[in-house]
Amino acid sequence: MKIQPLRNMVLVRLESEAPRSGLHLIQEARAVRPAKILACGPEVRDLEPEMVALVNILTATQVDGCYLVPAPSILGTL
């Protein structure tokens, strides 16, 4: 399925974290995660597909393994 975001929405896929060797601790899910931008709505200005950004996923809607987030929920780029 191809998703084209509307207005100021951004479609992202969360980046997987590098596995660590040794002892693993169970951590709570973090609200701010790095994500790759897949598509941007027409009102989004400073972001482009293929960029990696820090996203507040508490304001996101999950769709087919990706997340739709409003542009103001993107805190910065990496």
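The values are calculated or read from the model by the stated rules, or taken from the named source; none is laboratory data. Every value quoted in this text rests on a predicted model; they were computed, and no experiment measured them. Note that each Cβ is placed from the backbone with ideal geometry, even for glycine, and that neighbours are counted across all protein chains shown.
Of note:
- Test result for residue 10, at pLDDT 95 or above, over 9 Å from the mean Cα position of the chain (by Cα) and β-branched (Val, Ile, Thr): no
- Filtered by the rule that a residue be at pLDDT 95 or above and over 11 Å from the mean Cα position of the chain (by Cα), the range 34-46 gives 40, 41, 42, 43, 44.
- Selection of the range 49-64 for residues being over 11 Å from residue 11 (Cβ atoms), part of a loop (DSSP other than H, G, I, E, B) and of a type outside the set (Asp, Glu) yields only 51.
- Criterion: within 12 Å of the chain's Cα centre (by Cα) and either of a type outside the set (D, E, K, R) or at pLDDT 95 or above (or both) - qualifying residue of 31, 18: 31
- Taken over the range 65-78, the criterion of being surrounded by fewer than 17 Cβ atoms within 10 Å (Cβ to Cβ) and not in a strand (DSSP E or B) is satisfied by 65, 72, 78.
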